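The values are calculated or read from the model by the stated rules, or taken from the named source; none is laboratory data. Keep in mind the model is a prediction, meaning the values are calculated, not measured. All Cβ positions, even for glycine, are placed from backbone atoms using ideal geometry, and neighbour counts span all protein chains on display. Surface accessibility is based on the protein's heavy atoms, side chains included, excluding ligands, DNA and RNA. Shrake-Rupley method; radii C 1.70, N 1.55, O 1.52, S 1.80 Å.
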Amino acid sequence: MKILSVNAGSSSLKFQLFLMPEEKVLISGLFERIGIDGSYTIKLNGEKVTKETLLANHEVAFNILMKELIDNNVVSSLDEIKAVGHRVVQGGDYYDKSVIIDDEVISRIEEMSVLAPLHNPAGLTGIKASMSVIKNAINVAVFDTAFHQTMPEENYVYALPYEWNKEYKIRKYGYHGTSHKYVSERINQILGRDNTRVITCHLGNGSSISAVKDGKCVNTSMGLTPTAGVIMGTRCGDVDATIITYMMDKLNMSTKEIENVMNKESGLLGISGVSNDSRDIVDGIENGNSRCLLAQKMLVNSIVSYIAKYYVELGGADAIVFTAGIGENSIVTRRDVINKLGALGIKLDEEANDIRSIERLITTSDSKVPCYVIPTNEELMIAKDSYNLIK
Ligand code: AMP
């Protein structure tokens, strides 16, 4: 069965077409600058082709994608695509798993746009375009928040007036759930059992860390929005909330302006003044830039503090997993984090850690907790959920 996995941004559309249940990628690619001018890249049989073409909207992109699938003999008719799985960032407390999309699902995604004003409308644009172009496919919504819905109340309510939770849905939702779910299922396969305590570290430009017990999320570092938690590329992570109101008064800033600073001008970029990219921070350190060194030290401390917190909350850990851009590729960041976990009896294997984007155990055989690199695969998770819902 052929299943299309889609991640729509406001001006982009990332896709992979899978043969399921074989989990084989038939074709993948990315449409960019939709609504601006447009280009797209398609990867097929190990070859990558980029074409420039006007992409007025997501529907145009879907139509071009379908033509490419047929022209390249990936499908002989669009009816072969049985389901389209869509990444949706915010599902609120409505969804604890992926669902087949109907009118009610669409209106709830619209409702939750208040908490994901950039992402949910983009996801909806992808859903509507897919519905109008691939008419006979079943559409599935895969929510970033769903995996975190199993958190107990004491871990998702904020210490603010309790009525805010009940009346305004102010609570921790957590994000990157599809990735945390993927790597926590994979680590359980590696460990050969389901009754595990696992800490999953999704460290990329956006980062979050989760505590997963017996395959279910019990805590996560992002909050009501993705701004909370560990220090990220441009997001501040956890800060004293009163700084916000203080600086708004000081600089006469609006809520939108201060939100922009917290989400786009903070994190590694804000501290270093150099870049949000962890590679530039590591290069900066090598060139003696003291603010890059400060940014890296702060990043490592914030990751370590969440791992230590979740280690205690889980009553120990059977594994710690590193994934996403930094987690999979930054040898230096993994080294610094694991070396700081020495108090927990965790010991890095320097040689094993010298890898990028491959699955591997990176701690020594006498390390109290094994640490693994597991490349994430959100697209496959979306295809698997879609397959399981329609099979
Ligand atoms: P993501 O948001 O998952 O795409 O991750 C982006 C982050 O991954 C950026 O901070 C990059 O610096 C980091 N990253 C990607 N590739 C590498 C690499 N080869 N070495 C170190 N960091 C990397």
**Asked** Mind ordering 215-225, 283-293 by average Cβ neighbours within 10 Å, highest first?
**Response** 215-225, 283-293
**Message:** I'd like the antiparallel share, as a percent to the nearest 5, of DSSP beta bridges with both residues in the range 52-184.
**Reply:** 25
**Cross-link table LYS24/LYS340; LYS135/LYS384; LYS216/LYS264; LYS309/LYS368; LYS2/LYS97, entries beyond 28 Å C-alpha to C-alpha** = LYS24/LYS340; LYS216/LYS264
**Asked** Once the whole set of protein chains is in place, how much accessible area is left on HIS119, using a 1.4 Å probe, in Å² to the nearest 10?
**Response** 80
**Prompt:** If you stretched the chain out fully between ASN388 and ASN63, how much longer would it get, using 0.36 nm times the residue separation minus the C-alpha to C-alpha distance?
**Reply:** 114.4 nm
**Label-point gap, in nm, between LYS48 and SER10 - each point 7 angstrom along Cα→Cβ** = 2.6
**Item:** Residues whose placed amide H lies under 5 Å from that of ASP349, excluding near-sequence neighbours
**Value:** THR363, THR364
**222 nm mean residue ellipticity, helices alone, for the chain (DSSP H n ≥ 4; -39,500 (n - 2.57); rounded to 500)** = -12000 deg cm²/dmol
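For the chain, what does the relative contact order come out to in percent, with C-alpha contacts under 8 Å and a separation of six or more?
Numbers: 829 pairs, mean separation 55.3, N = 391.
The normalised contact order for the chain reaches 14 percent.
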**Request:** Using the Karplus curve 6.51 cos²θ - 1.76 cosθ + 1.60 with θ = phi - 60°, work out ³J(HN,Hα) for each residue of the range 213-225 in order, rounded to whole Hz, and write x for Gly and Pro.
**Result:** 10, 6, x, 10, 6, 10, 6, 8, 7, 6, x, 4, 10
**Item:** Taking the range 1-105 and dividing mean pair separation by its residue count, relative contact order in percent (alpha carbons under 8 Å, at least six apart)
**Value:** 25
**Item:** All-pairs Cα distance distribution in the chain, expressed in whole percent, bin size 20 Å
**Value:** 26, 58, 16, 0
**Request:** Taking amide H positions as placed in the peptide plane 1.01 Å from N, state which residues far from CYS217 in sequence (5 or more) or on other chains have amide H under 5 Å from it.
**Result:** THR150
**Request:** Out of all DSSP beta bridges with both ends in the chain, state the antiparallel percent to the nearest 5.
**Result:** 70
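Once the convex hull of the C-alpha atoms of the range 255-332 is built, how many Å³ does it hold per residue, rounded to a whole number?
Convex hull of Cα atoms, per residue: 112 Å³.
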**Message:** Would the range 119-194 count as rounded, prolate or oblate if I go by the C-alpha gyration tensor, calling it rounded below 1.5 in a/c and otherwise prolate when a/b exceeds b/c, oblate otherwise?
**Reply:** oblate
**Asked** Of the heavy-atom accessible surface of the chain (probe 1.4 angstrom), what whole percent is carbon and sulfur?
**Response** 51
**Item:** Of the GluC sites (Glu not before Pro) in the range 1-73, those whose Cβ has at most 13 other Cβ within 10 Å and which sit in DSSP loop
**Value:** GLU22, GLU23
**Prompt:** ASN339 to GLU265: extension gain in nm, 0.36 nm per residue of separation minus the Cα-Cα distance?
**Reply:** 23.7 nm
**Request:** Taking only Cα atoms and a 10 Å spring cutoff, compute GNM fluctuations for the chain and point out the largest among LYS181, LYS172, LYS309.
**Result:** LYS309
**Options GLY85, THR200, ALA137, ranked by Cα towards positive dipole end of the range 79-204, top entry (Cβ charges)** = THR200
**Message:** Per residue, how large is the accessible surface of the range 261-391? Use a 1.4 angstrom probe and give square angstrom.
**Reply:** 45
**Fill in**
Once normalised by the length of the range 172-250, the mean sequence separation of its alpha carbon contacts under 8 Å that are 6 or more apart gives a contact order in percent of 26
**Whether the range 54-96 is rounded, prolate or oblate, judged on the alpha carbon gyration tensor where a/c under 1.5 counts as rounded** = oblate
**Complete:** Non-local residues with an amide H under 5 Å from the amide H of VAL274, with H modelled 1.01 Å from N and Pro and chain starts lacking one, are none
**Complete:** Computed over the range 81-125, protein heavy atoms only, probe 1.4 angstrom, the accessible area per residue in square angstrom equals 43
**Item:** Cleavage-rule hits (trypsin sites (Lys or Arg not before Pro)) in the range 60-144: DSSP loop, at most 11 neighbouring Cβ within 10 angstrom
**Value:** LYS135
